[in-house]
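Enquirer: One structure coming up, written as structure tokens, with questions to follow.
The values are calculated or read from the model by the stated rules, or taken from the named source; none is laboratory data. Source: prediction; values computed, not measured. Glycine also receives a Cβ, built like all others from the backbone with ideal geometry; neighbour counts cover every protein chain displayed. Heavy atoms of the whole protein, side chains included, go into the accessibility calculation; ligands, DNA and RNA do not. Shrake-Rupley method; radii C 1.70, N 1.55, O 1.52, S 1.80 Å.
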Amino acid sequence: MRVRHPFGNAVVFALALGFAVALAGAALADETCNSPYVTKLIKGQEDYVYVWALGVEGLGDGSDKLVTVDVNPKSKRFGKVLNSVSVGSRGEAHHMGFTDDRRFIWAGGLAEPKIYVFDIGTDPGKPKLVRTIADMADKSGYLGPHTYYAMPGRMLVQALSNTKDKGGRTGMAMYNNAGEFVTSYAMPTDGGGDGYGYDLAVNPRKNVLLTSSFTGYDNYMRPLGDVVKDAEAMKRFGNTMVVWDLKALKPTRVLSVPGAPLEIRWSLKPGDDWAITAAALTSKLWLVKQDKGQWQAKEVGTIGDPAKIPLPVDISITRDGKGLWVNTFMDGTTRYFDLSNPEAPKQTYQKVTGKQVNMISQSWDGRRVYITSSLLANWDKGGADNEQFLRGFTWNGKELAQVFEVDFTREQLGRAHHMKLGSKSLRATPPPR
């Protein structure tokens, strides 16, 4: 497989320097699961939760939007919406990510190749849309940007689909922080690769990037009930993870992980060099680690009753690598697993936190947990089960206690999906005059 790599010597040196710096700081990649290259970690009380929400026709302006919620218990507006920024269209808003300097959020939708850049550094409480990147399809041939991962001076964007047949074969696009396209990397289709993509996460100390796999536009834009009833459609889900050489950004090994492995979480404990993921269709936890120098994937746990298809959709690892939160969409349940022995995760807690739940984020100290409700517009439940919310909880190690809720339907904000945390202290210092 040929990969274009037009970096000049100066850029290669800068990237290598960034990788070396990250070796010492990789353990700071939480809050819950940011890139290790993201600076300005919030170790104290966060002030805001940014929620990337899907527009709903006839609800408010009907557009996708970035919503800012006050989450500081000392604030008079605790649990209230402070601001929302609409992008003026609906594109199946999904995920977002910080740039390495944490001054901007990149976000996008799965129905289009557009990427929206929000300035959160000038005024963290009032993000502003400052750029729309619309050349992803033309430059890379990929559609449905999903994961936005900060690299030194760059953003690596994992797509879910392609513009040719809107299937699951896809790849990653590299941009610089100014929003200029640099190059692209196809997901491997040889050596056992299926060409599918979903999440990505790096371990700079081991010079490894891991990617996971889901499905393409032709599946995720259809109603879930139709997909489940279509035997051919059910065959079009990813069953692999790929190990990449991080510095060269070349695939080195394809791992068999059946059932659409989704979010990837490296342990943040110094000295730990393993990652964990959850396979959505099989409700299994998989551990990725080296064995005799070779990266391997091993099934290590079960989430709920797989026969009932709980559909694990998001996971969040604690900063010490000893605990894992898992949200399952179909039964609206949040579970906690003890990862003291990552070879044998043990569920120690569960609670129904909604009629449908999707993303889960936790604070650096693990004392606060945030949950949203929407998976995909055509996969969310209907009727009274179609709850759309951001809920905030406290966690004392034994019990989740809800402390606030923002009803996104009542507030006419749409469907609440991905989250990132913000702080007043992260206001950027104005450049000298």
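Enquirer: From the residues in the stretch 264-276 that are open to solvent by 10 Å² or more (accessible area, probe 1.4 Å) and in a strand (DSSP E or B), which one is farthest from K206 (Cα to Cα)?
Expert: R265
Enquirer: Another question about this same structure. Output the strands (runs of 3 or more DSSP E) that fall wholly within the stretch 180-225 and possess 1 or more residues being within 22 Å of D165 (Cβ to Cβ) and in contact with a strand residue (DSSP E or B) (Cβ under 9 Å, 6 or more places away or on another chain), or say none. Before the answer, list the steps.
Expert: Working: elements: 181-186, 200-203, 208-211.
Of the strands (runs of 3 or more DSSP E) lying wholly inside the stretch 180-225, those with at least 1 residues that are within 22 Å of D165 (Cβ to Cβ) and in contact with a strand residue (DSSP E or B) (Cβ under 9 Å, 6 or more places away or on another chain) span 181-186, 208-211.
Enquirer: Where residues in the stretch 343-374 are aliphatic (A, V, I, L, M) and in a loop (DSSP other than H, G, I, E, B), which of them is nearest to I264 (Cα to Cα)?
Expert: Applying the first criterion (aliphatic (A, V, I, L, M)) to the stretch 343-374 yields 344, 352, 357, 359-360, 369, 371.
Now drop any that are not in a loop (DSSP other than H, G, I, E, B), which leaves 344, 357, 359.
Details: A344: 17, V357: 18, M359: 13 Å.
Across the stretch 343-374, the extreme among qualifying residues is M359.
Enquirer: Next question. Against the condition within 20 Å of R102 (Cβ to Cβ) and either among the β-branched types (V, I, T) or open to solvent by less than 10 Å² (accessible area, probe 1.4 Å) (or both), how does L160 come out, does it pass?
Expert: Values: within 20 Å of R102 (Cβ to Cβ): no; either among the β-branched types (V, I, T) or open to solvent by less than 10 Å² (accessible area, probe 1.4 Å) (or both): yes.
No, not satisfied.
Enquirer: Moving on. What about E405, is it within 23 Å of D61 (Cβ to Cβ), touching a residue at least 12 places away in the same chain (Cβ under 8 Å), among the acidic types (D, E) and open to solvent by 60 Å² or more (accessible area, probe 1.4 Å)?
Expert: yes
Enquirer: If you don't mind, there's one more thing I want to ask. Taking the conditions exactly as written (of a type outside the set (S, T, Y), part of a loop (DSSP other than H, G, I, E, B), on the phi < 0 side of the Ramachandran plot and touching a residue at least 60 places away in the same chain (Cβ under 8 Å)), does A416 satisfy them or not?
Expert: no
Enquirer: Scanning for something in a strand (DSSP E or B), over 19 Å from V87 (Cβ atoms) and open to solvent by 10 Å² or more (accessible area, probe 1.4 Å), does the stretch 375-391 turn up at least one residue?
Expert: yes
Enquirer: Restricting attention to the stretch 301-342, report how many residues are charged (D, E, K, R), touching a residue at least 24 places away in the same chain (Cβ under 8 Å) and part of a loop (DSSP other than H, G, I, E, B). Steps first, please.
Expert: At the first step, the residues of the stretch 301-342 found to be charged (D, E, K, R) are 305, 308, 314, 319-320, 322, 331, 335, 338.
Checking which are touching a residue at least 24 places away in the same chain (Cβ under 8 Å) leaves us with 314, 319-320, 322, 331, 335.
Right, trim to part of a loop (DSSP other than H, G, I, E, B) and you get 319-320, 322, 331.
Of the residues in the stretch 301-342, 4 are charged (D, E, K, R), touching a residue at least 24 places away in the same chain (Cβ under 8 Å) and part of a loop (DSSP other than H, G, I, E, B).
Enquirer: If I ask for residues that are open to solvent by 10 Å² or more (accessible area, probe 1.4 Å) and not acidic (D, E), which ones from the stretch 241-258 would you list?
Expert: Kept after step one, since they are open to solvent by 10 Å² or more (accessible area, probe 1.4 Å), are these residues of the stretch 241-258: 245, 247-248, 250-254, 256, 258.
Those that are open to solvent by 10 Å² or more (accessible area, probe 1.4 Å) and not acidic (D, E): K247, A248, K250, P251, T252, R253, V254, S256, P258.
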